[in-house]
Amino acid sequence: MARSSHDTADDPRNAGILVSVNGELVARDEATVSVFDSGFILGDGVWEGLRVHDGGIAFLDQHLARLYEGAKAIDMDIGLSREDLARRLFACLEANAMHEDVHIRLMVTRGLKSTPYQDPRITISRATIVIIAEYKTPDPQTRAKGISLFTVHVRRGRPDVLDPKLNSHSKLNCITACIQAARAGADEALMLDPQGFVATCNSTHFFIVRGGEVWTSSGDYCLGGITRGNVIALCRAHGIPVHERNFSLTDVYGADEAFVTGTFAGLTRVREIDGREIGEVSGFEMTAKLEALYGQLVKDSVTRP
């Protein structure tokens with residue numbers, strides 16, 4: 001069965017969660033938004049995924065900074081200060097009595113439209129803000145075995161078409177990439193940039209290890225990943241050579257190790273890319289070292305109410 005770095009076991013507690021919809025806490029089955037909402041009609045909005053650890057939220061300031069930067073880029077007023085939005089996040093956690101092994105999806109859309117049409121000037125409400133907090137723990141089997149990637153024909157777009165640095169609700173290119181990888185029997189998609197260099201994956205960021213050095217893409221055609229940036233910073237802080245550079249699939253196939261990063265699972269090992277086995281010699285020693293460093297960083301980064 002195909003696996004993903006986002007694999008998790010079903011948790012029966014999630015059936016009874018309360019969802020925050022514009023500040024109102026409602027039961028999961030009653031949590032709805034209008035069919036006239038900009039997010040439903042057009043994918044017009046921005047979002048963040050956040051992890052809860054030891055009663056707090058990891059890297060909260062970084063996530064909120066990215067959210068508000070994205071909202072400003074699309075000329076959308078979130079309608080709350082960062083402090084007020086943080087309070088709303090913690091209120092949702094408190095209402096659900098959540099303290100650990102929780103993943104938050106924070107979604108902000110432009111709001112209600114007077115009619116189904118793209119022009120932001122026909123928006124007739126404040127922004128829609130939805131917070132879904134669920135019990136989710138990365139699947140230990142996936143973490144131990146790693147995942148497989150398939151290089152898809154769907155490219156990361158140029159910033160003058162749809163800037164890949166926007167964490168927008170419009171993710172159809174990544175979904176198409178995911179579908180192609182799944183049809184090829186892989187777990188996730190590896191995506192190239194317009195020049196044919198390795199860019200990122202459909203929902204995570206991609207790294208390789210060669211000769212004791214950690215490589216990742218230039219970052220020109222991928223989201224400004226929070227985990228990606230923190231792994232790069234950890235390498236620099238601990239004397240591990242790290243490079244943000246252009247590299248090709250030839251470099252990837254000959255790598256000693258490969259891993260992907262994301263808020264949900266942290267670091268996930270990649271065992272196979274386009275049918276080539278990865279890490280059979282190194283045993284993922286560098287990846288294991290970075291996993292340990294990142295785990296400690298998460299503990300040190302938590303913001304509590």
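The values are calculated or read from the model by the stated rules, or taken from the named source; none is laboratory data. All values reported here derive from a predicted model rather than from experimental measurement. Note that we place each Cβ from the backbone using ideal geometry, even for glycine, and neighbour counts take in every protein chain shown.
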Evaluate the stretch 49-65: report whether one residue or more is surrounded by fewer than 18 Cβ atoms within 10 Å (Cβ to Cβ), assigned by TED's automatic domain parsing to the domain that holds residue 109 and over 24 Å from residue 303 (Cβ atoms).
-> no
Being under 23 Å from residue 298 (Cβ atoms) and surrounded by fewer than 14 Cβ atoms within 10 Å (Cβ to Cβ), is that true of even one residue in the stretch 211-219?
-> no
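Table: residues versus (1) farther than 19 Å from residue 60 by Cα; (2) touching a helix residue (DSSP H, G or I) at 6+ places or on another chain (Cβ under 6 Å).
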{"position": "186", "(1), (2)": "yes, no"}
{"position": "189", "(1), (2)": "yes, yes"}
{"position": "195", "(1), (2)": "yes, no"}
{"position": "204", "(1), (2)": "no, no"}
{"position": "207", "(1), (2)": "yes, no"}
{"position": "224", "(1), (2)": "no, no"}
{"position": "227", "(1), (2)": "no, no"}
{"position": "234", "(1), (2)": "no, yes"}
Could you grab me the full set of residues in the stretch 70-90 that are more than 14 Å from residue 131 (Cβ to Cβ) and assigned to a helix (DSSP H, G or I)?
-> 70, 71, 72, 73, 82, 83
Looking at the stretch 1-66, what strands (runs of 3 or more DSSP E) fall wholly within it and have at least 2 residues that are in contact (Cβ under 8 Å) with a residue 40 or more places away in the chain and more than 24 Å from residue 99 (Cβ to Cβ)?
-> 45-53
Would you point out the residue of the stretch 34-47, among those that are surrounded by 21 or more Cβ atoms within 10 Å (Cβ to Cβ) and within 20 Å of the chain's Cα centre (by Cα), that is farthest from residue 117 (Cα to Cα)?
-> 46
Residue list for the stretch 74-107, filter: exposed (fewer than 14 other Cβ atoms within 10 Å of the Cβ) and small (Gly, Ala, Ser) = 81, 97
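Rundown of residues vs (1) in the same structural domain as residue 162 (by TED's automatic domain parsing); (2) closer than 12 Å to residue 150 by Cα; (3) among the aliphatic types (A, V, I, L, M), yes/no style:
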| site | (1), (2), (3) |
| --- | --- |
| 179 | yes, yes, yes |
| 189 | yes, yes, yes |
| 199 | yes, no, yes |
| 205 | yes, no, no |
| 209 | yes, no, yes |
| 212 | yes, no, no |
Out of 151, 227, which single residue is surrounded by 14 or more Cβ atoms within 10 Å (Cβ to Cβ), under 20 Å from residue 103 (Cβ atoms) and either among the polar types (S, T, N, Q) or under 15 Å from the mean Cα position of the chain (by Cα) (or both)?
-> 227
